[in-house]
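Participant: Here it is, the structure in full.
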Amino acid sequence: MTSRFHIQSPSRYLLSLMAVGAATFCGLLVRDLLAPTNIAMIYLLAVVLSATSWGLGPSVFASVVAVLTFDILFVPPYGTLAVHDPQYFLTFGIFLTVAVIISQLGARVRAQIAVVQQREQQSAALYALTRGMAFVRDSKEILDTATQQVNQVFNSETLLLLLGSDQKLRVPADRRIAETARDAALWTFEHKAATGWSTRLFSNSEYLFLPLVTAHGIWGVLGLRPRAPRVILTPDQRLLLEMFVAHIAIAFEHLELNAQAEQARLLEASERFRNTLLSSISHDLRTPLAAILGSVTSLLDKRMPLTPSAQQDLMLTIEEEATRLNRLVGNLLNMTQVESGALKPARDWNSIEEVIGSALVHARVNGRAVQVTVDSDVPLVSFDFVLIEQVLLNLLDNALKFSPLDSPISIRARRNETGVQVSVVDCGIGIPANESQRVFEKFYRLPQNGAPGSGLGLAICKGIVEAHGGAIWAEPRAGGGTNLAFTLPAPELKNVAE
Amino acid sequence: MSLNERARILVVDDESQIRRFLRTSLTAHGFQVFEAATAQAALEQTIVIKPDVIILDLGLPDRDGLAVLRELREWSKIPVIVLSVREREQDKIAALDAGADDYLTKPFGMGELFARIRATLRHMAEPLDEPVFQTGELKVDFARRLVTLAQREIKLTPTEYSILKHLVTYAGKVVTHRQLLRAVWGVQYENESQYLRVHVGNLRRKIENDTARPKYLLTEPGVGYRLRTDEMN
């Protein structure tokens, strides 16, 4: 720790001698004014100073020197150890007793202060380390924070060797470590025990190696090399260092456990996705297939002649169901892309009006009235035409499905602060306020609705819009129905000259 | 239509059920149908039977359809319509750039396929010699540089006229953004797609009654534009 607790013994004795000298000087100044016994009190001051400042040894030393000096200089006959008046022996005895008791008390106070200060420093250092560790997000940050804290507190060079993915100790390539140090580190790693400098094993290594162990295993090895030559590690420092090491090891363990938990969460999510996908495929794919197969077998059945209109009906069913099947497969593919993060919009400058028009061509509007309003100040926006058309198709599909056949649907595009906002509004059954978030979850379907669907359409919309940096939401339309709206950001609106 | 009577069509697809239904439908419409299941067979058949149109699947067992297309284009201008399950725009553009005349994604309706076949056949038969082109109520008189909609003259800027003229040249067929940019603005502008969006928007405002539901100038999502012809209805 800091150097002021480690003044070498000889200089402490010298200092106490100087204190006695100062007392002697003061005594000589007032020798003619005071009785010798009062001058002894001045010497007591020097002993108290020695006891509180330099410890028991110097203090006792100062007491003895003080008695001798007092005898020679202040007790007649002057200049010798001889004493004429025997009552001075009582003075000497009491003086010595008092001086030794004061020495002991002073030294104890001093030692207690030292312990308290050291504890304070230790807890400050530990606090700094744990606070630093509380904010780390990866092993690089643990490494940096720990190295910095240890170096600062122990005035050392720190080496953190971590576990590699092969469960072996990884030695950084950018540092040259002596062969002995390397062996010491490996021994520490294997036996989970300290080696190197200031230990009995590999003691010629310039590093002290300590294992980073927790209940769950070993995470690496901390190597510490003092910057100053020929220093020693006090037991307190050693204890503090071990506490540091324990904290660092726990930080690594936390990181690992968090990563495992995250991994498990992702695995569970993808498992859930796959299960829902499978049940969706088996149900939603089989329904149209059943309709197609049923229609075709009726058409082929020669024992049961059908009227031309019945034949037409069945053939229309086949067409509709095959189209539906194709859309479903497309949705499943899109959802898989969104889910796996493979959705990368191929952006290009495009016209909102054009993409709405294209969606209207491909949507199965079935003669429903769809009113389109595109404000004249809507700029070109950079987006993936096919993906945004898919969003509009799904929103339109939704509006068509959940509103009465004779009710109007409107699409409105207008400029907003950040880009363009497109709304698809219907006058249908509406979405309850508490469901307005959940409708964008995959496989979610409104509980009361009986309409067919995979529950993927809006989830895909959300994935696509968010991949463009936009937002999508559902809100009730005033007077009943739903407004499904999304935004496309246009950070730099492009002006086109002829 | 007299021009596609007995026209010879080579169907190249490794899936026998696709060949079967194409053969049935195309024969019923009066075409002469030939089949090939591999790239090798397709190239051999092309030399022997000299088809009028090739319908080409991209996923062939021995070679990629795009490679076949490129090789074919080295020595032949026979119209090729690509039929594929690859539905990404990049795949469509790649096929069109490699020399395909048109592109259809599986699954498709037969009506669409017939329209594409007719458009390519007509284009081969009469490479825009006619001085007047008409679709619906839209009429373009090249000799007089006059465009009318329901007998009313429409004033187009030189750029708009140039776009329309290029689309008429390939009427019924898809024209990619890049092809249009190159033809109208020049090669150095082939990536300036915003020019095209703005001018197509203006052109639509003049020739379409409802710009959100274009009747003539159709959008091919992510790929390009197509001018509707009467036979597509």
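Participant: Note the full-extension length gain between A:Leu73 and A:Arg438 as 0.36 nm times their separation in residues minus their Cα-Cα distance, in nm to one decimal. Walk me through the intermediate numbers first.
Facilitator: Working: separation 365, 0.36 × 365 = 131.40 nm, distance 9.93 nm.
Fully extending the segment from A:Leu73 to A:Arg438 adds 121.5 nm.
Participant: Would you list B:Ile78, A:Ile250, A:Ile460 from the most to the least accessible area, probe 1.4 Å?
Facilitator: Numbers: B:Ile78 30, A:Ile250 75, A:Ile460 0 Å².
The residues order as A:Ile250, B:Ile78, A:Ile460, largest area first.
Participant: Now, a different point. What is the magnitude of the charge dipole of region A:291-340 about its Cα centre, with +1 placed on the Cβ of each Lys and Arg, -1 on the Cβ of each Asp and Glu, and no other charges, expressed in debye to the nearest 20? It would help to have the intermediate numbers written out before the result.
Facilitator: On the way: 4 positive and 6 negative charges, 31 e Å.
Computed charge dipole of region A:291-340: roughly 160 debye.
Participant: Send over a whole-number figure in Å² for the accessible area per residue of chain B, probe 1.4 Å. Provide the component values of the computation, followed by the final result.
Facilitator: Details: 10750 Å² over 233 residues.
Counting only protein heavy atoms, the per-residue value for chain B is 46 Å².
Participant: Tell me the mean residue ellipticity at 222 nm calculated for chain B from its helices only (DSSP H runs of n ≥ 4, each -39500 (n - 2.57), averaged over every residue, nearest 500).
Facilitator: Numbers: 8 runs with 95 residues, N = 233.
When only DSSP H runs of four or more count, the value is -12500 deg cm²/dmol.
Participant: Would you grab the residues whose amide H sits under 5 Å from the one on B:Leu146? Only those 5+ places off in sequence or on another chain, please, with H modelled 1.01 Å from N.
Facilitator: B:Asp141
Participant: If you count, for every residue in A:344-357, the Cβ atoms of partner chains within 10 Å of its Cβ, what is the mean? Don't skip to the answer; put the middle values down first.
Facilitator: Working: counts 0, 0, 4, 0, 8, 7, 6, 9, 1, 7, 11, 3, 3, 10.
Mean inter-chain Cβ contacts per residue within 10 Å come to 5.
Participant: From the backbone phi of region A:351-365, what are the Karplus-calculated ³J(HN,Hα) couplings (6.51 cos²θ - 1.76 cosθ + 1.60, θ = phi - 60°) in whole Hz, Gly and Pro given as x?
Facilitator: Calculated HN-Hα couplings, in order: 9, 4, 4, 5, 6, 5, x, 5, 5, 5, 5, 8, 6, 8, 6 Hz.
Participant: So, R0 is 60 Å and r is the distance between the beta-carbons of A:Thr97 and A:Tyr127; what FRET efficiency does that work out to, to 0.05?
Facilitator: Details: r = 45 Å, r/R0 = 0.75.
After rounding, the FRET efficiency stands at 0.85.
Participant: Which of A:Ser382, A:Tyr444, A:Val370 sits closest to the plus end of the dipole of region A:348-497, meaning its Cα is farthest towards the positive end, when Lys and Arg get +1 and Asp and Glu get -1 on the C-beta?
Facilitator: The residue sitting farthest along the positive end of the dipole is A:Tyr444.
Participant: Run the reach check for A:Lys442 against lysines, Cα to Cα strictly under 30 Å, same-chain hits fewer than 8 apart removed. What comes back?
Facilitator: Output for A:Lys442: A:Lys344, A:Lys401, A:Lys462, B:Lys92, B:Lys106.
Participant: Right, another one. Can you tell which of A:Gly93, A:Leu126, A:Ser156 lies farthest toward the positive end of the dipole of chain A, using +1 and -1 charges on the Cβ of basic and acidic side chains (Lys, Arg; Asp, Glu)?
Facilitator: The residue sitting most towards the positive pole is A:Gly93.
Participant: Taking the Cα centre of chain A as the origin and placing charges on Cβ (Lys, Arg +1; Asp, Glu -1), which of A:Ala114, A:Val213, A:Trp54 is farthest toward the positive end of the dipole?
Facilitator: Most positive-ward Cα: A:Trp54.
Participant: OK, next. Just tell me which lysines come within less than 27 Å, Cα to Cα, of B:Lys139; anything on the same chain fewer than 8 places away is out.
Facilitator: Counting by Cα, and skipping residues close in sequence, B:Lys139 has these lysines nearby: B:Lys155, B:Lys165, B:Lys173, B:Lys206, B:Lys215.
Participant: Tell me which residues come under 5 Å, amide H to amide H, from A:Ser382 once H is placed; ignore anything under 5 positions away on its chain.
Facilitator: So A:Ser382 has HN proximity to A:Asn350.
Participant: How many nm separate the modelled label positions at A:Leu29 and A:Leu90, each set 7 Å beyond the Cα in the direction of the Cβ?
Facilitator: Here the modelled spin labels are 3.1 nm apart.
Participant: Something else about it: What whole-number volume per residue, in cubic angstrom, does the convex hull of the C-alpha atoms of region A:348-497 give?
Facilitator: Numbers: hull volume 17.1 nm³, N = 150.
So the per-residue Cα hull volume is 114 Å³.
Participant: Under a point spin-label approximation (7 Å from Cα along Cα-to-Cβ), what is the A:Thr80-A:Asp377 distance to one decimal in nm?
Facilitator: 11.8
Participant: What residues from region B:12-28 fall in the zone where the backbone N is under 19 Å from a label point 7 Å along the Cα-to-C-beta line of B:Ala125?
Facilitator: B:26-28
Participant: Then there's this: Determine, for each peptide in A:31-39, A:408-416, the mean count of other beta carbons within 10 angstrom over its residues, then list the peptides with the highest first. Write out the running numbers ahead of the final one.
Facilitator: On the way: A:31-39: 12.9, A:408-416: 17.6.
Listed from highest to lowest mean packing, they are A:408-416, A:31-39.
Participant: Here's another thing I want to ask about it. If I ignore ligands, DNA and RNA and count only protein heavy atoms, how much of A:Leu314 is accessible to a 1.4 Å probe, in Å² to the nearest 10?
Facilitator: 40
Participant: Work out the length of the dipole vector of region B:132-232 about its Cα centre, built from +1 on the beta-carbon of each Lys and Arg and -1 on the beta-carbon of each Asp and Glu, and round it to the nearest 20 debye. Intermediate values should be presented prior to the final figure.
Facilitator: Details: 17 positive and 11 negative charges, 27 e Å.
Charge dipole of region B:132-232: 140 debye, to the nearest 20.
Participant: Quickly estimate the mean residue ellipticity at 222 nm for chain A, helices only: each DSSP H run with n ≥ 4 gives -39500 (n - 2.57), and the total goes over all residues, rounded to 500.
Facilitator: Values: 12 runs with 269 residues, N = 498.
Dividing the helical sum by the residues of chain A leaves -19000 deg cm²/dmol.
Participant: Let me ask you something else. Take the solvent-accessible surface of the protein heavy atoms, probe 1.4 Å, and return the percent of it on the protein assembly as shown that carbon and sulfur atoms account for.
Facilitator: For the protein assembly as shown, the apolar C and S fraction of the accessible surface comes to 55 percent.
Participant: Something else: Heads up, I need the accessible area for A:Trp219: 1.4 angstrom probe, whole protein in place, Å², nearest 10.
Facilitator: 40
Participant: Another question about this same structure. Please label the shape of region B:163-203 as rounded, prolate or oblate, based on the square roots a ≥ b ≥ c of the eigenvalues of the alpha-carbon gyration tensor (a/c under 1.5 means rounded; beyond that, a/b larger than b/c means prolate, else oblate).
Facilitator: Details: a/c = 1.95, a/b = 1.30, b/c = 1.50.
Cα axes put region B:163-203 in the oblate bin.
Participant: Could I ask something else about it? Show the residues, 5+ positions off or on another chain, whose built amide H is closer than 5 Å to the amide H of A:Leu212.
Facilitator: HN-HN under 5 Å from A:Leu212: A:Trp219, A:Gly220, A:Val221, A:Leu222.
Participant: Right, next: Just how large is the dipole of the protein assembly as shown about the Cα centre, in debye to the nearest 20, putting +1 at every Lys and Arg Cβ and -1 at every Asp and Glu Cβ? The partial results should precede the final answer.
Facilitator: Values: 76 positive and 78 negative charges, 133 e Å.
I would put it at about 640 debye.
Participant: Can you sort A:Met18, A:Met243, A:Met335 by solvent-accessible area, 1.4 Å probe, largest first? Show your work: numbers first, answer last.
Facilitator: On the way: A:Met18 120, A:Met243 70, A:Met335 5 Å².
Result of the area sort, largest leading: A:Met18, A:Met243, A:Met335.
Participant: What order do A:Ser205, B:Ser162 take when sorted by accessible area (1.4 Å probe), most exposed first? Write out the running numbers ahead of the final one.
Facilitator: Values: A:Ser205 5, B:Ser162 35 Å².
Sorted descending by solvent-accessible area, the residues read B:Ser162, A:Ser205.
Participant: Largest first and to the nearest Å, give the Cα extent of the protein assembly as shown along each principal axis.
Facilitator: Sorted largest first, the three principal extents are 155, 58, 55 Å.
Participant: Let me ask you something else. For chain B, state the average projected area of the convex hull of the C-alpha atoms over all orientations, rounded to one decimal in nm².
Facilitator: On the way: hull surface 51.4 nm².
With every direction weighted equally, the projected area is 12.8 nm².
The values are calculated or read from the model by the stated rules, or taken from the named source; none is laboratory data. Computed from a predicted model, the values in this text were never measured in an experiment. Using ideal geometry, Cβ is built from the backbone for each residue, glycine included, and neighbour counts are taken over all protein chains shown. All accessible areas refer to the heavy atoms of the entire protein, side chains included, with ligands and DNA or RNA removed. Shrake-Rupley method; radii C 1.70, N 1.55, O 1.52, S 1.80 Å.
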